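Nothing in this text is a laboratory measurement; each read-out follows from the coordinates by a stated rule. Just so you know, these numbers come straight off a predicted model, no measurement behind them. When we count neighbours, we look across all protein chains shown, and the Cβ atoms used for this are built from the backbone with ideal geometry, even at glycine.
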Amino acid sequence: MKNYNALDILNAREERVYLIENLIEKYSLPIVCLRINYPGEIKNNDLTSNISKVLREEIFNIFRDYVLYEDFKFTAEGPLLILVVNDNALIVKKKTIELEENHLLGRLGDIDVYDKDGNGISRKDLGYPSRKCFICSDMAQNCVRAQKHSINEVIKFIQERYIKYLNKEAEKTDE
């Protein structure tokens, strides 16, 4: 997989925003956007690819009957899934929060929801607390801004979480 630099990541971010704006203009419906929380500049690798496949399938299963548009690709930001969903944006956000909180890999994904006017819907809008850090109990945004944890520490957590997921899936098939 291709390696990207910080400028590539910024450009990919701008392309994502532009795509979302165009989809909102075209459909006037909520947008779901999945990215994988992975530190550093190398966001496309086997681990992020595998995690995105699992979360993509979970998201698609939740919204299967409501998806009017789907785009999945690998960008400098890492794996990216964008869906146009014909449902109420607040209900969509609630369902994505439930996935983030209840699926073993859910916290490894960043699932944004935009309403039909392009406004991002936050956890706070629905009365949920901000996301906690993977490593400690502080708010995730505080740790990211302060670079409280090393990239290797975060990657190790992500790897361990994915292995735990694989082990649980293996147990299911053994039953």
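Structural remarks
- The amide H of Asp110, built 1.01 Å from its N in the peptide plane, has Arg35, Ile36, Asn37 as neighbours under 5 Å, considering only residues 5 or more places off or on other chains.
- Two-decimal ratio, the stretch 71-169, of alpha-carbon radius of gyration to 2.2 N^0.38 Å: 1.18
- Rounded to the nearest 20 debye, the dipole magnitude of the chain is 400 debye, with +1 charges on Lys and Arg beta carbons, -1 on Asp and Glu beta carbons, and the Cα centre as origin.
- With a cut-off of 11 Å between beta carbons, the residues surrounding Glu70 carry a summed charge of +2, where Lys and Arg count +1 and Asp and Glu -1.
- Ellipsoid semi-axes in whole angstrom, largest first, where each is sqrt(5λ) of the Cα gyration tensor of the stretch 6-129: 21, 18, 14
- Taking a straight Cα-Cα cut-off under 20 Å and skipping sequence neighbours fewer than 8 places away in the same chain, the aspartates and glutamates within cross-link reach of Lys132 are Glu98, Glu100, Glu101, Asp110, Asp112, Glu153, Glu160.
- Between the C-alpha center of the stretch 130-175 and that of the stretch 66-114 there is a gap of 18 Å.
- Cross-link reach is defined here as a Cα-Cα straight distance under 19 Å, omitting same-chain residues fewer than 8 places apart; for Lys26 the lysines meeting it are Lys116.
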